[in-house]
1. Looking at region 305-319, which of its residues are within 13 Å of residue 284 (Cβ to Cβ) and of a type in the set (A, V, I, L, M, F, W, C)?
2. Looking only at region 38-56, filter to residues that are over 19 Å from residue 340 (Cβ atoms) and not aliphatic (A, V, I, L, M); which one of those is farthest from the chain's Cα centre (by Cα)?
3. Only one of these is under 24 Å from residue 96 (Cβ atoms) and either modelled with pLDDT under 95 or of a type in the set (D, E, K, R) (or both): 199, 142, 217, 183. Name it.
4. Residues in region 190-204: is at least one within 15 Å of residue 238 (Cα to Cα), in contact with a strand residue (DSSP E or B) (Cβ under 9 Å, 6 or more places away or on another chain) and in contact (Cβ under 8 Å) with a residue 12 or more places away in the chain?
5. For residue 141, all conditions in the list (1) assigned by TED's automatic domain parsing to the domain that holds residue 106; (2) surrounded by fewer than 14 Cβ atoms within 10 Å (Cβ to Cβ); (3) touching a residue at least 24 places away in the same chain (Cβ under 8 Å) hold save one; what is the number of the exception?
6. Go through the residues of region 266-282 one by one and say whether even a single one is farther than 22 Å from residue 85 by Cβ and of a type outside the set (Lys, Arg).
7. I'm trying to understand the selection: among the residues of region 85-119, which are among the charged types (D, E, K, R), out of contact with any Leu (no Cβ under 8 Å at 6 or more places or on another chain) and either under 21 Å from residue 140 (Cβ atoms) or assigned to a helix (DSSP H, G or I) (or both)?
8. Residue 70: over 26 Å from residue 108 (Cα atoms) and among the charged types (D, E, K, R), yes or no?
Amino acid sequence: MQPEKSTSFRKIIHIDMDAFYASVEQRDHPEYQGKPIVVGGPPTGRGGVVATASYEARKFGVKSAMSSKRAAQLCKELIFVKPRFDVYKEVSLRILEIFRRYTDLIEPLSLDEAFLDVTVDKKQIGSALEIARQIKQSIKDELRLTASAGVSINKFVAKVASDMNKPDGLTFVGPSKVAVFVEKLPVEKFFGVGKVTAEKMKLMGLHTGKDLKKLTEGELVRSFGKMGKFFFNTARGRDDRQVQSHRDLKSVGAEDTFPFDLVTLEEMNIELEKIADLVHDRIRRRGLRAKTLTLKIKYHDFKLITRSRSFQDSIDELEVIVLTAKELLANTLGASQKVRLLGISLSNFGEMIRHNNDDSDQLTLFR
């Protein structure tokens, strides 16, 4: 049973590292191996958030984006580990080096996952499945970490496949298997289907890809807007999105929610410097210059405001980012204002620049 598409197929791999941050910590700290750990802030003050949970912790129901307080309730023996983003970024760059042995068509989604188009591969191996095997083995041999991979004819199927047999999984969905594979998928597996959309679909009697396939494109668009067209195509094994080495980003930023309210401008400026350094690192690694800086402030009462400044010439200098953010903050902050969150984002990207010996723009963390 063939997917309803051309007979000329691309060879797409989706690589997803297994519990990446937690696995790096367990690799570097033998005392954490085999134990339930989470990378993220401990449940003190206002409480932290779980960035990544080890597989030992996941057995207790602990998962990413869960509050640290809830995670601690689920697992009494849980170990909280402070993130080391500089280490994770360095490991990501080494993973990227492994990818580049096979192709330059790499689209990172975050520090720990990426799409690869190996339709034409550098080593002329010809088999996407064999390339995925070699990549997984190299990551294991050289970095002492495991990755799961999905291999198929498009991005949608490859990404879903990579999650099928974690950890250390390898799932291949060939052209003749795509249609049946997609028909059996629960609607929650489709890109763009969150909790609300899934509930709406189930009320309509739509539980699987096969159910979605029964509706016309017009019916799906009327029910789900522009995503209806995407659901119509992916339910039929179609996904024409290309693997893009440089994604068209609208903004790059970072923000931090503090365990306790900040009450002095000095405290806030110290935190702004840390955030500005992260944002600066991210745009430099991607070779971007921006014309607009936006400051985000959330007060203790959850009131959220933003303030922006645009420049005539594109900027990427750390000093400019820091000084502009501080000035916007000083001009915005009222008397006795307590702040719980600060963020900086850059947008309106102008010229592209390339820094010598810096290929790290391929893998960037957006938190």
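The values are calculated or read from the model by the stated rules, or taken from the named source; none is laboratory data. Owing to the predicted nature of the structure, the values given are computational and were not obtained by experimental measurement. Glycine also receives a Cβ, built like all others from the backbone with ideal geometry; neighbour counts cover every protein chain displayed.
1. Passing the criteria: 315, 318.
2. In this case the residue turns out to be 56.
3. Numbers: 199 fails: under 24 Å from residue 96 (Cβ atoms); 217 fails: under 24 Å from residue 96 (Cβ atoms); 183 fails: under 24 Å from residue 96 (Cβ atoms).
When all the criteria are applied, what remains is 142.
4. Scanning region 190-204, I find no residue that is within 15 Å of residue 238 (Cα to Cα), in contact with a strand residue (DSSP E or B) (Cβ under 9 Å, 6 or more places away or on another chain) and in contact (Cβ under 8 Å) with a residue 12 or more places away in the chain, so the answer is no.
5. With (1) assigned by TED's automatic domain parsing to the domain that holds residue 106; (2) surrounded by fewer than 14 Cβ atoms within 10 Å (Cβ to Cβ); (3) touching a residue at least 24 places away in the same chain (Cβ under 8 Å) applied to residue 141, the lone miss is (3).
6. Taking region 266-282 as the starting set, the residues that turn out to be farther than 22 Å from residue 85 by Cβ are 266.
Going one step further and asking which of them are of a type outside the set (Lys, Arg), we end up with 266.
Yes, because at least one residue in region 266-282 is farther than 22 Å from residue 85 by Cβ and of a type outside the set (Lys, Arg).
7. Result: 86, 90, 97, 100, 101, 112, 113.
8. Numbers: over 26 Å from residue 108 (Cα atoms): yes; among the charged types (D, E, K, R): yes.
Criteria met by residue 70.
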